[in-house]
Amino acid sequence: LYLIGLGLFTLAARITAVDVKDAALDLADRYGADHLVNPTEADVPAEVESITDGTGAAQVLDFVGADQTTAYAPDVTAAGGDHHIIGYGGHIHEPAQALVNGEFSFVGNIVGRYAELQELVALVEQGDVDLHTSRYDLGDVNTVAEKLEHGEIDGRAVITP
């Protein structure tokens, strides 16, 4: 979610947030997302096509990385665009032909570059980016892991000693 705020701060981009949880979409809306799509209520490729006037999204940031979300790639990513996989837990099941015909790329991201991390920290310190975090004691790590596994944490969980 902080990337939505960061994107609005650094880019002239329209941001579309896709999530099955209404609470997460409400949070994305609060952070300034231009469009909200719940895949349990709407057809994601059709919504993206409508939002982008048929061109698709130039950049897709997939924080889930599940089979269901990577499967959207050929239908939502613009020609010449990138589908960044940041979350993991799924697989890419696209035939090579889909990549060639669609002229898009899958890109794996885990952290980014150190210089980008320094920039982000500076923006947070200046108050230009609001990181949505919840803090938990180290003794609660198992409970937090269970909540994370069940999708019950919005934003990021920070474990403190």
Quiz item: Which value, to two decimals, describes the C-alpha radius of gyration of the chain once divided by 2.2 N^0.38 Å?
Solution: 1.09
Quiz item: To the nearest 0.05, what FRET efficiency results for residue 23 and residue 100 with a Förster distance of 30 Å applied to their C-beta separation?
Solution: 0.20
Quiz prompt | Förster radius 25 Å - calculated FRET efficiency between residue 63 and residue 149, Cβ distance, rounded to 0.05 | solution = 0.95
Quiz item: Do you know the relative contact order of the chain, to the nearest whole percent, from alpha carbon pairs under 8 angstrom that are 6+ apart?
Solution: 17
Self-check item: Qualifying chymotrypsin sites (Phe, Trp or Tyr not before Pro) for segment 77-161 [loop in DSSP, other Cβ within 10 Å: at most 15]
Solution: 88
Quiz item: How would you rank 35, 93, 83, going from fewest to most other Cβ atoms within 10 Å of each one's own Cβ?
Solution: 93, 35, 83
Quiz prompt | Neighbour cut-off at most 14 other Cβ (10 Å), DSSP loop, trypsin sites (Lys or Arg not before Pro), segment 20-120 | solution = 21, 113
Practice problem: Within the chain, what's the longest run with no GluC sites (Glu not before Pro) in a DSSP loop and at most 15 other beta-carbon atoms within 10 Å? Give the range, please. | Solution: 42-102
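Every read-out reported here was derived from the displayed coordinates using simple, explicitly stated rules and does not represent laboratory data. What you are looking at is a predicted structure, and each value in this text was computed from that prediction instead of being measured. Counting neighbours? That spans all protein chains shown, and the Cβs are built from the backbone with ideal geometry, glycine included.
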